Amino acid sequence: MKRALALLALAFAGVVQAATYDDPWSPATEQAAEAAVAALGANVARPVSGAVHDTKPRILDVVGLGGAVGAGALAVRGEVEDLAAAKRGLGAQETDIEIHVELPADVLFDFDKADIRADAASALAQLATVIRAYKGPVRLEGHTDAKGAADYNQKLSERRAESVKLWLVQREQIPAARMTTRGFGKARPVASNDTDAGRQRNRRVEVVIRKR
């Protein structure tokens, strides 16, 4: 009974204003309630007895607010953890301005093809998670190794960049207007084309995500 009166006194004294006292059984709430009782003084019994029906909803609202804030915090935490996991999974490189991701073509496409493989869905879903976390434009850049004719490689790199864009639009609902595509063919290798391992690294789609 003493605790109930103290909590009612809190409401009348204007102490309960936010989620600070969202637990009516916590020591902090009890201490604040006792202070409110003292502040109200000898007249505390009269307003409490006459306005019980007004005070209870105010206390319940504070408790409910605490639950809503807690659920929101958990949701934000989950989104942050998902973003961090996606960046790790993609091996993303990050600066203050942008996120850079290299998607190996051998993961996305069959040899000499530009159609997205079904087993590339997981990597592209991670990419979509990163893109959604930021508001800036996205560049999709296709690259090939040096084997074959330059004109053929140029067109293949362009088709592969377009395929990634189309997948993100259709499967992940990323707005098409945010993304631009470009192919560079064999012009920008990141490794030697004299070895199988080097050529494999050069076959890729690079994604550059501006943060804002």
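Quick notes on this structure:
- Only alpha carbons enter this Debye calculation for segment 155-212, each as an equal point scatterer, and the log10 of I(q)/I(0) it gives at q = 0.18, 0.26, 0.28 Å⁻¹ is -0.70, -1.06, -1.13.
- Translational D in µm²/s for segment 93-210 (Stokes-Einstein at 25 °C, 0.890 mPa s, Kirkwood Rh from C-alpha pairs): 172
Read-outs throughout are calculated quantities, based only on the coordinates presented, and are distinct from any laboratory measurement. Note that the structure is predicted; figures quoted are calculated from it, not measured.
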